[in-house]
1. Please report the net charge: other residues with Cβ closer than 14 Å to the Cβ of Cys149, K and R +1, D and E -1.
2. Suppose only helical runs count, i.e. DSSP H with n ≥ 4. What mean residue ellipticity at 222 nm does that imply for the chain under -39500 (n - 2.57) per run, divided by all residues and rounded to the nearest 500 deg cm²/dmol?
3. Two decimals, Cα atoms only, Kirkwood Rh: what is Rg/Rh over the chain?
4. Can you pull a Stokes-Einstein diffusion coefficient for region 154-247 at 37 °C (0.692 mPa s), Rh from Kirkwood over Cα pairs, as a whole number of µm²/s?
5. Cross-link list Lys16/Lys55; Lys166/Lys236; Lys16/Lys166; Lys173/Lys253: which exceed 30 angstrom alpha carbon to alpha carbon?
6. Using amide H atoms built in the peptide plane, which far-off residues or other-chain residues are under 5 Å from Phe185 H to H?
7. Take the alpha-carbon positions of region 8-98, form their convex hull, and give its projected area averaged over all directions (one quarter of the hull surface) in nm².
8. Where in the chain are the DSSP H helices whose C-alpha atoms run 18 Å or more along the long axis and whose mean Kyte hydropathy is at least -0.5?
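Quick note: the coordinates plus some simple rules give every number you see, no bench work behind them. Computed from a predicted structure; not experimentally measured. All Cβ positions, even for glycine, are placed from backbone atoms using ideal geometry, and neighbour counts span all protein chains on display.
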Amino acid sequence: MAHIFAVANQKGGVGKTTTTVNLAAALGQQGQRTLLVDLDPQGNATMGSGVDKRKLTQSVYQVLLETADVAGARHVTEHGYHVLPANRELAGAEVELVDQDHRETRLKDALAKVGNEYDFVLIDCPPSLSMLTLNGLCAAHGVIIPMQCEYFALEGLTDLVNTIKKVHANLNKDLKIIGLLRVMFDPRATLSLQVSAQLEQHFGDKVFKAIIPRNIRLAEAPSYGQPGVTFDKASKGAQAYLQFAAEMIERVKAY
């Protein structure tokens, strides 16, 4: 069965989508069968994987409403992984799921049907605690938290950890924090080094050893419909994500 991980942070602009797309591609390059689930109505992970969200006939929206299944809605990318895409339609799912039965576990139930086909399933969650994020957290075995080493990021982390504890207690007993990933890291900034040290002190081995630096090639890649690890594999950002993927593979062996 697949290891299912939600990439989540309630703070926006912290590199969730960049992390999800590049981790999916890096895992694919290391021989792992990987599915990326785009749960954000903005569809950035979809476009960043080279899938045109404007031309979708089926997406994660239909999967959540149970009018399509994952096998029919997924796309094979040229970057070594599959993607279950999203577009603006997904925003309507929030309202349409409100009075539905087992609304929090729609994604979990859908992924169970294809679990044997993948080694990893990565879920790109939107930057809010919504019904969509809740579906992601209920479907996942663990949470990967990308975060910048800034003061306000620490405050947001407390809220997210509390959310994960509540979901664990009430909806998904399997859910746990897999690890914290330091992203957009600038080693020249004293604050970054201080916050990084605080994270290691407080969370110990939950902090991934891999650190993703600020990198212009990672930022450019989505405009070409590519993950950074295929757009410029030699860049520092791509190399950091390849290191992170190798660390993820080792970490899941321990579970």
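1. Charge balance near Cys149 sits at 0.
2. The per-residue figure over the chain is -12500 deg cm²/dmol.
3. On the way: Rg = 16.9 Å, Rh = 18.0 Å.
Using only Cα positions, Rg/Rh for the chain is 0.94.
4. It comes out at roughly 218 µm²/s.
5. Violating the 30 Å limit, Cα to Cα: Lys166/Lys236.
6. Those qualifying (amide H under 5 Å, at least 5 residues apart or on another chain) are Ile212, Arg214.
7. On the way: hull surface 24.2 nm².
Result: a mean projected hull area of 6.0 nm².
8. Working: long enough: 16-29 (20 Å, 0.22); 151-170 (30 Å, 0.13); 190-203 (20 Å, 0.05); 236-253 (26 Å, -0.20).
Helices passing the filter in the chain: 16-29, 151-170, 190-203, 236-253.
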